[in-house]
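A short write-up of the structure that comes next.
The values are calculated or read from the model by the stated rules, or taken from the named source; none is laboratory data. This is a predicted model, so every value here is computed, not measured. Cβ: placed from backbone, ideal geometry, glycine included. Neighbour counts: every protein chain shown. Ligands, DNA and RNA are excluded from the accessible area calculation, which covers all protein heavy atoms including side chains. Shrake-Rupley method; radii C 1.70, N 1.55, O 1.52, S 1.80 Å.
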Amino acid sequence: MKNFSRQQLFWLCQCGGWAVYAVLTELMIKIPSQEPWSVNLPHLLLDTCFGFGLTLLLRRCYKRFSQRSTRQKIYSHLAVLLLGCLVWTQWKWLTLQWLYGQVWQPMTWFDVGTWHSASLTILLTWTALYFAYKATFETMEQRQKAAEALDLAKEAQLKMLRYQLNPHFMFNSINAICTLILRQDNQHAVSMLEKLCDLLRYSLYTDPLAKVTVAEEIDILQTYFAVEQCRFRDKLTVTISADDDVKPLLMPSLLLQPLAENALKHGMQQAQQHYAVSVSFSRQDDFLVIAMLDNGCGFSAGSAPGIGLQNCEARLALLYPGQSLFQFGNRPQQGAWIHIRIPLQPMQAPVPEAG
């Protein structure tokens, strides 16, 4: 059904159904009645074509009745069905008499009962199948619309989460650049400004729904930490490690930047002389595991998760429903830990060009 449009499927069923009707009529009625072929085949053709056209007329009537109340629809449908049954039966009877060379022969009561019953049965069967087909397609269309609406809502939510930029980070970065300029430390100011531009360019021009390789995520994470190291100099130490077999794997873009930002904003203590952050990427069974550690003040007991943590958890829940793991807590000695686990997703190989 997925390969046919609604209109195409209707015509396929209409033509196929009446072809089946013609074959069954020939096998079950025409041949046993021993009609001459000069009457048999022309009458079968006239009967089938008239029924084909009559049901198309019924279809148009049913569409017109669709806006009426339920009671009116029932009466209208019964009326057109009975009228169609009478007209079709008379057509079959008159064409049969014509083919036999007789102008008019009245129907016996037996003929009236059997012929009208047969016509009404066929039209009722066609009507039931028509409404079953219509209900099936309407249900499918409603499900498709609901799925499309859900996808649009999910896409909008992902874009909103992905486009969140922390004003605190922007303010601190620009303020640090201004401080460097005032101190006439132009080399560091230019370096920090270039890295900040790289970070913003990547954030703005990367598709928020696209996934990047672990290697690309490491590059942008290193760019972010390079911006921060221009501010904190030797006070900040960053270590990023990844196994070679995980670097080609795919993951959400800029997933870790809010977590790194959160670690520097809330984890680093003012009086702390040395602040270290480590990020590792590894593979465990069928999952990509990401771990982030720091030696800061850790998470405050009883406090709600920050925006960075909520952002990351929400994106993972949308992208990997029921398949991801996001945990965080405080280390026994000092600092915080974050553990992320997502399904392995290898990068698709490019399709080779022909020729």
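What you get for segment 199-355, charging only the Cβ of Lys and Arg (+1) and of Asp and Glu (-1), is a dipole of about 540 debye around the Cα centre. Estimated at the nearest 10 Å², the accessible area of V20 is 80 Å² with a 1.4 Å probe.
With the simple model of a label 7 Å out from the Cα in the direction of the Cβ, Y100 to A118 spans 1.3 nm. Nearest 10 degrees is fine. How inclined is helix 167-182 to the longest principal axis of the chain, computing both from alpha carbons? Long axis of 167-182 versus the principal axis of the chain: about 40 degrees.
Extension gain, Q345-F171: 0.36 nm per intervening residue step, less the Cα-Cα distance, totals 59.0 nm.
Distance from a point 7 Å along Cα→Cβ of Q334 to each backbone N in segment 217-246: keep the residues under 18 Å and list them by number. It comes to 234-239, nothing else. Here T179 sits with roughly 50 square angstrom of accessible surface, probe radius 1.4 Å. For D245 and L9, a Förster radius of 45 Å and the Cβ-Cβ distance give a FRET efficiency of 0.40, rounded to the nearest 0.05.
For the chain, the dipole from Cβ point charges (+1 on Lys and Arg, -1 on Asp and Glu) about the Cα centre works out to 1440 debye, to the nearest 20. Please determine, in degrees from 0 to 90 and to the nearest 10, the orientation of helix 109-162 with respect to the longest principal axis defined by the Cα atoms of the chain, where the helix direction is its Cα long axis. In the chain, helix 109-162 runs at an angle near 10 degrees to the longest axis.
Pairs exceeding 27 Å between alpha-carbon atoms, taken from K30/K63; K195/K235; K30/K73; K145/K247: K30/K63; K30/K73; K145/K247. Taking θ as phi - 60° and the Karplus parameters 6.51, -1.76 and 1.60, the scalar couplings of segment 43-55 work out to 5, 4, 5, 5, 5, 5, 5, 5, x, 4, x, 5, 5 Hz in sequence order, x denoting glycine and proline.
A simple spin-label model places the labels of C61 and A147 3.7 nm from each other, with each point 7 Å out along Cα-to-Cβ.
The 3J(HN,Hα) values that the Karplus relation (6.51, -1.76, 1.60; θ = phi - 60°) gives for segment 72-86 are, in residue order, 5, 5, 4, 5, 5, 5, 5, 5, 5, 5, 5, 5, x, 4, 5 Hz. Gly and Pro appear as x. A 1.4 Å probe over all protein chains sorts L236, L24 by accessible area into L24, L236, starting with the largest. For the chain, the relative contact order is 11 percent, taking Cα pairs closer than 8 Å that sit 6 or more residues apart in sequence and dividing their mean separation by the residue count. For V212, nonlocal amide neighbours, meaning residues 5 or more places apart or on other chains whose placed amide H falls under 5 Å from its own, are M251, S253.
Length gained on full extension, A19 to V289, computed as 0.36 nm times the residue gap minus the Cα-Cα distance: 91.1 nm.
Note on the chain: helix-only mean residue ellipticity at 222 nm, from DSSP H runs of 4+ residues weighted -39500 (n - 2.57) and normalised by residue number, equals -20500 deg cm²/dmol. Anisotropy class assigned to the chain is prolate, per the alpha carbon gyration tensor with a/c at or over the 1.5 cut-off and a/b larger than b/c.
For the chain, what % of the accessible area comes from carbon and sulfur atoms, probe 1.4 Å?
Working: 12900 of 21230 Å².
Its accessible area is 61 percent carbon and sulfur atoms.
The listed residues E141, E313, E26, E217, once ranked by accessible area (1.4 Å probe) with the largest placed first, stand as E313, E141, E26, E217. Helix 307-319 against the longest principal axis of the chain: what's the angle in degrees, Cα atoms only, rounded to the nearest 10? That helix lies at roughly 30 degrees to the long axis.
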